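The values are calculated or read from the model by the stated rules, or taken from the named source; none is laboratory data. The structure presented is a predicted model; accordingly, all values stated were derived computationally and were not measured. Don't worry about glycine lacking a Cβ; one is built from the backbone with ideal geometry, like all the others, and counts go over all protein chains shown. The protein model used for the area step is the full one, side chains on, heavy atoms only, and it has no ligands, DNA or RNA in it. Shrake-Rupley method; radii C 1.70, N 1.55, O 1.52, S 1.80 Å.
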Amino acid sequence: MSGTFVGMPAFPVAAHEAVHDSTLRGNLRHATHTIRAKREKAVAEVSDWAALREAGKQIKDHTLRHLDRYLVQLEEAVTAAGGVVHWAADADEANRIVTALVRMTGETEVVKVKSMATQEIGLNEALEAAGIHAYETDLAELIVQLGKDRPSHILVPAIHRNRGEIRDIFAREMGEWGRPAPEGLTDTPAELAEAARLHLREKFLRAKVGISGANFMVAETGTLVVVESEGNGRMCLTLPETLISVVGIEKTVPSWRDLEVFLQTLPRSSTAERMNPYTSMWTGTKDGRAGEGDGPGTFHLVLLDNGRTDTLADEVGRQALRCIRCSACLNVCPVYERAGGHAYGSVYPGPIGAILSPQLRGTGSEIDASLPYASSLCGACYEVCPVAIDIPEVLVHLRERIAEGGPATRDGNRVLLKPAKGHAAERAAMRAARWAFSHPGALRGGQRLASRTRRFHPRTLPGPGRAWSATRDLPEVPAESFRDWWQRTRGGKDVTK
């Protein structure tokens, strides 16, 4: 299973359709601007935010450098606490493991905490194929599931829906999944939340199996951490007899002291709160440690690779694995705001998805080869990232890989990628630029020629370039180059001679 949304076109095609949806753009603009403004205030309250950001970066980088050691330590701690650890190399293996574990319980229903990892591997679809019903309990995920939709945001999966649309989905679909929506349901937030609460309550009380992801895993104790805002996660983690957690290996942190940093930066960057309303932690099973009674009756941890080790092998791209899924980069990205999350063809939309998905899945598909170009490189994503992921740097790095080809790691093997189709003009332009910048005399001659012929320059580009200049003004060529200006005004030495 690739994790790519079936039938999705490349980003430019999908985005072209999305930007003409005025309702979608209105929903996105309102939501992202609101979250962005709240985050700015929450971060401004912390005097040492820059130090926390750097600490988070250093902790993540240290953990990734020594991930092999910390994963073994984590497995030993979870096992000692009564849990069972499973290792999944890819999505198919993870789905087989989880499906088999649910079947062992004899149950045909599970309740789920919001989890990007299980969406990444298509777990709901795999369970459905095995005759097992998975019920999402996060409010936004419930909206997406009832609407037979796809998530479009990391933090707020139903960000593309307004209140009226949500009311219609509840009224139309809830009865097919369980308790129907109340008669006369309006689109007020309180009534919508109450309808979801009543609908989900019977599932919480009936379910014997819960499935979750985790925001963090503490290697020294084997503790898993889930942070959320609604309380549904707490219900899924404490009521079911069996808990199965599917977690990417990069979610590991060495110690409780390291966790302290992220419990400060994550809520402010995501929901603009000083702390998460619900922070649930469990260590193994309730009988795994004498006298502590912590955790479910049976606990299984599925450690998911699914391209993460390949990403770790890339010295530039590996910084994407620092991501703590706060979604701050989505809320400041001008491309995401206009195109929406569905255009990215992945459960990881926005700037982080543009660098993470092509590394986890490879760049062989049309969608993944287009994602590194889904950015203006404005750098706003880097400025707000709480673990200082230089997303523009990785985007440029991946663009080079797509246009030029070169060495990469896939499925643990070092391979030589061929240049992607459709980038011949880009390669030619970059090679011409490299030659020009390597020959200062030719560069200066070209600059002078461009300046002297500026009156005759077209306002739009010809041929394929017309698509670029149709929505942008071409930069006006100055009357003289900087070097000529310096020579004329300062009498500087001509460095080209």
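Here are a few things to note about the model shown:
- Remark: pairs (first residue in the stretch 24-47, within 17 Å of P151 (Cα to Cα) and touching a residue at least 60 places away in the same chain (Cβ under 8 Å); second residue among the basic types (K, R) and not in a helix (DSSP H, G or I); Cβ separation under 7 Å; 6+ apart in sequence or on different chains) = N27/R161.
- All told, E17 meets the bar of being acidic (D, E), modelled with pLDDT under 95 and open to solvent by 50 Å² or more (accessible area, probe 1.4 Å).
- When the residues of the stretch 382-416 are filtered to those that are among the aliphatic types (A, V, I, L, M) and free of Cβ contacts under 8 Å to residues at least 12 places away in the same chain, the one that is least open to solvent (accessible area, probe 1.4 Å) is V415.
- Sole residue being surrounded by fewer than 20 Cβ atoms within 10 Å (Cβ to Cβ) and modelled with pLDDT under 95, chosen from G345, G362, G379: G362
- Filtered residue count, the stretch 80-100, keeping only those that are touching a residue at least 60 places away in the same chain (Cβ under 8 Å), of a type outside the set (F, W, Y) and farther than 16 Å from E128 by Cβ: 11
- Within the option set E241, E250, being buried (at least 21 other Cβ atoms within 10 Å of the Cβ) and among the charged types (D, E, K, R) holds for one residue only, E250.
- For the stretch 122-169, filtering for residues that are modelled with pLDDT under 95, surrounded by fewer than 23 Cβ atoms within 10 Å (Cβ to Cβ) and closer than 22 Å to D92 by Cα leaves 1.
- Count of the stretch 365-376 residues which are open to solvent by 20 Å² or more (accessible area, probe 1.4 Å) and part of a helix (DSSP H, G or I): 2
- Count of the stretch 172-202 residues, restricted to those that are crowded, with 20+ Cβ neighbours inside 10 Å and closer than 30 Å to M281 by Cα, is 5.
- The single residue among M281, M235 that is free of Cβ contacts under 8 Å to residues at least 60 places away in the same chain, open to solvent by 20 Å² or more (accessible area, probe 1.4 Å) and of a type in the set (A, V, I, L, M, F, W, C) turns out to be M281.
- Assessment of the stretch 38-61 against the conditions (among the aromatic types (F, W, Y), surrounded by 20 or more Cβ atoms within 10 Å (Cβ to Cβ) and in a helix (DSSP H, G or I)) yields no matching residue.
- Qualifying residue in the stretch 298-321 (condition: touching a residue at least 40 places away in the same chain (Cβ under 8 Å) and within 12 Å of the chain's Cα centre (by Cα)): yes
- Some residue of the stretch 223-230 being more than 21 Å from I154 (Cα to Cα), open to solvent by less than 10 Å² (accessible area, probe 1.4 Å) and touching a residue at least 24 places away in the same chain (Cβ under 8 Å): yes
- Residues of the stretch 63-100 that turn out to be surrounded by fewer than 19 Cβ atoms within 10 Å (Cβ to Cβ) and either over 15 Å from M217 (Cβ atoms) or among the basic types (K, R) (or both), as a count: 10
- Boolean, T32 is on the phi < 0 side of the Ramachandran plot, touching a strand residue (DSSP E or B) at 6+ places or on another chain (Cβ under 9 Å), among the β-branched types (V, I, T) and buried (at least 16 other Cβ atoms within 10 Å of the Cβ): no
- So E220, is it touching a residue at least 24 places away in the same chain (Cβ under 8 Å) and either open to solvent by less than 10 Å² (accessible area, probe 1.4 Å) or closer than 24 Å to A94 by Cβ (or both): no
- Residues that are in contact with a helix residue (DSSP H, G or I) (Cβ under 6 Å, 6 or more places away or on another chain), of a type in the set (S, T, N, Q) and touching a residue at least 60 places away in the same chain (Cβ under 8 Å) occur at least once in the stretch 250-258.
- D310, sole failed condition from (1) farther than 19 Å from V387 by Cα; (2) crowded, with 24+ Cβ neighbours inside 10 Å; (3) not hydroxyl-bearing (S, T, Y): (2)
- Filter result for the condition that a residue is hydrophobic (A, V, I, L, M, F, W, C), surrounded by 10 or more Cβ atoms within 10 Å (Cβ to Cβ) and modelled with pLDDT under 85, over A450, A479, A467: A467
- Helices (runs of 4 or more DSSP H) wholly inside the stretch 87-159 containing at least 1 residues that are touching a strand residue (DSSP E or B) at 6+ places or on another chain (Cβ under 6 Å) and within 12 Å of V347 (Cα to Cα): 116-121
- Residues in the stretch 328-342 that are under 18 Å from G122 (Cα atoms) and open to solvent by 10 Å² or more (accessible area, probe 1.4 Å): H342 only.
- For the stretch 173-190, a tally of residues being more than 20 Å from A207 (Cβ to Cβ), touching a residue at least 24 places away in the same chain (Cβ under 8 Å) and in a helix (DSSP H, G or I) returns 1.
- Answer residue from the stretch 417-447, given it is touching a helix residue (DSSP H, G or I) at 6+ places or on another chain (Cβ under 9 Å) and open to solvent by 90 Å² or more (accessible area, probe 1.4 Å) and is farthest from G405 (Cα to Cα) among those: F437
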